[in-house]
1. Which members of region B:35-86 meet the condition of being among the aliphatic types (A, V, I, L, M) and farther than 18 Å from B:Ile101 by Cα?
2. Report the residue count in region B:55-75 for those that are surrounded by fewer than 21 Cβ atoms within 10 Å (Cβ to Cβ) and part of a strand (DSSP E or B).
3. Please determine whether any residue of region B:76-83 is more than 14 Å from every other protein chain (Cβ to nearest Cβ) and surrounded by 19 or more Cβ atoms within 10 Å (Cβ to Cβ).
4. Specify the residue that is farthest from the other protein chains (Cβ to nearest Cβ); the eligible residues are those in region B:95-112 that are more than 16 Å from the chain's Cα centre (by Cα) and closer than 14 Å to B:Asn32 by Cα.
5. Under 8 Å by Cβ, and 6 or more places apart or on different chains, what pairs join a residue from region A:100-114 that is more than 8 Å from every other protein chain (Cβ to nearest Cβ) and crowded, with 21+ Cβ neighbours inside 10 Å with one that is of a type in the set (S, T, N, Q) and assigned to a strand (DSSP E or B)?
6. Would you point out which residue out of B:Leu47, B:Leu66 is of a type outside the set (D, E, K, R) and at the interface with another protein chain (Cβ under 10 Å from one of its Cβ atoms)?
7. When you go through (1) within 14 Å of another protein chain (Cβ to nearest Cβ); (2) free of Cβ contacts under 8 Å to residues at least 40 places away in the same chain; (3) over 22 Å from A:Met15 (Cβ atoms) one by one for A:Asn70, which number turns out not to apply?
8. Please give the number of the condition A:Val12 fails out of (1) within 14 Å of another protein chain (Cβ to nearest Cβ); (2) surrounded by fewer than 21 Cβ atoms within 10 Å (Cβ to Cβ); (3) part of a strand (DSSP E or B); (4) of a type in the set (A, V, I, L, M).
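Every read-out reported here was derived from the displayed coordinates using simple, explicitly stated rules and does not represent laboratory data. Predicted, not measured: the structure shown is a model, and the values here were computed from it. Note that each Cβ is placed from the backbone with ideal geometry, even for glycine, and that neighbours are counted across all protein chains shown.
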Amino acid sequence: DTEVTQTPKHLVMGMTNKKSLKCEQHMGHRAMYWYKQKAKKPPELMFVYSYEKLSINESVPSRFSPECPNSSLLNLHLHALQPEDSALYLCASEPIGGANEKLFFGSGTQLSVL
Amino acid sequence: KQEVTQIPAALSVPEGENLVLNCSFTDSAIYNLQWFRQDPGKGLTSLLLIQSSQREQTSGRLNASLDKSSGRSTLYIAASQPGDSATYLCAVLNQAGTALIFGKGTTLSVSS
């Protein structure tokens with residue numbers, strides 16, 4: 001299995017809803033990432049987990065809450081989002097945290113906040 | 001702060017042409033540089049990774065070069081095909097070696 005799987009593929013939510021995005025990989029990768037990508041913009045880093053520990057939080061608002069229950073799974077919990085949070089949310093993984101390794105990306109969750 | 005710039009922003013070519021996409025970065029202290037492909041509304045696929053000590057990498061019709069001292073990389077696509085139509089993103093691994101910094105991409109359209 002050489003894939004990063006993200007679910008759901010599409011999500012529409014209201015500003016008062018609570019939802020979660022899921023990312024899964026079974027390649028034994030120990031670093032996992034959340035990126036946010038607005039239309040026609042490059043991906044922007046949100047969070048990095050290395051060996052199931054949060055290593056980087058790029059000053060992301062607390063309405064986004066990441067969780068790494070185990071080495072294969074990464075969640076992003078969403079609560080009280082704003083319409084400007086609508087974007088493509090991408091998960092990525094790599095064999096070890098650090099340099100000189102390719103990132104493997106999932107196909108993303110397209111999120112719309114109404 | 002590292003900044004990555006890609007030129008051109010968009011490119012349209014007829015099938016069969018060879019083409020070059022350009023990427024420049026402001027801080028030459030990088031760990032590596034990657035070229036990605038992204039189809040509309042989809043995730044990213046890593047095409048080529050060049051280590052900071054390398055000058056180029058090749059995969060099929062793709063060749064990427066790196067000149068770290070001048071802060072430049074090029075992606076050469078030979079004999080372009082309609083299936084090559086996508087957005088191509090260049091990204092450098094930051095000084096801390098913790099995350100990629102992306103350029104805004106070049107959107108390529110190859111007509112048959």
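1. Those that are among the aliphatic types (A, V, I, L, M) and farther than 18 Å from B:Ile101 by Cα: B:Leu62, B:Ile77, B:Ala78, B:Ala79, B:Ala86.
2. Of the residues in that region, 10 qualify.
3. Checked region B:76-83: at least one residue is more than 14 Å from every other protein chain (Cβ to nearest Cβ) and surrounded by 19 or more Cβ atoms within 10 Å (Cβ to Cβ).
4. Within region B:95-112, the match that is farthest from the other protein chains (Cβ to nearest Cβ) is B:Gln95.
5. Once the first residue is more than 8 Å from every other protein chain (Cβ to nearest Cβ) and crowded, with 21+ Cβ neighbours inside 10 Å and sits in region A:100-114, its partners that are of a type in the set (S, T, N, Q) and assigned to a strand (DSSP E or B) give A:Thr109/A:Gln6; A:Thr109/A:Thr7.
6. So the residue among B:Leu47, B:Leu66 that is of a type outside the set (D, E, K, R) and at the interface with another protein chain (Cβ under 10 Å from one of its Cβ atoms) is B:Leu47.
7. (1)
8. The single condition A:Val12 does not satisfy is (1).
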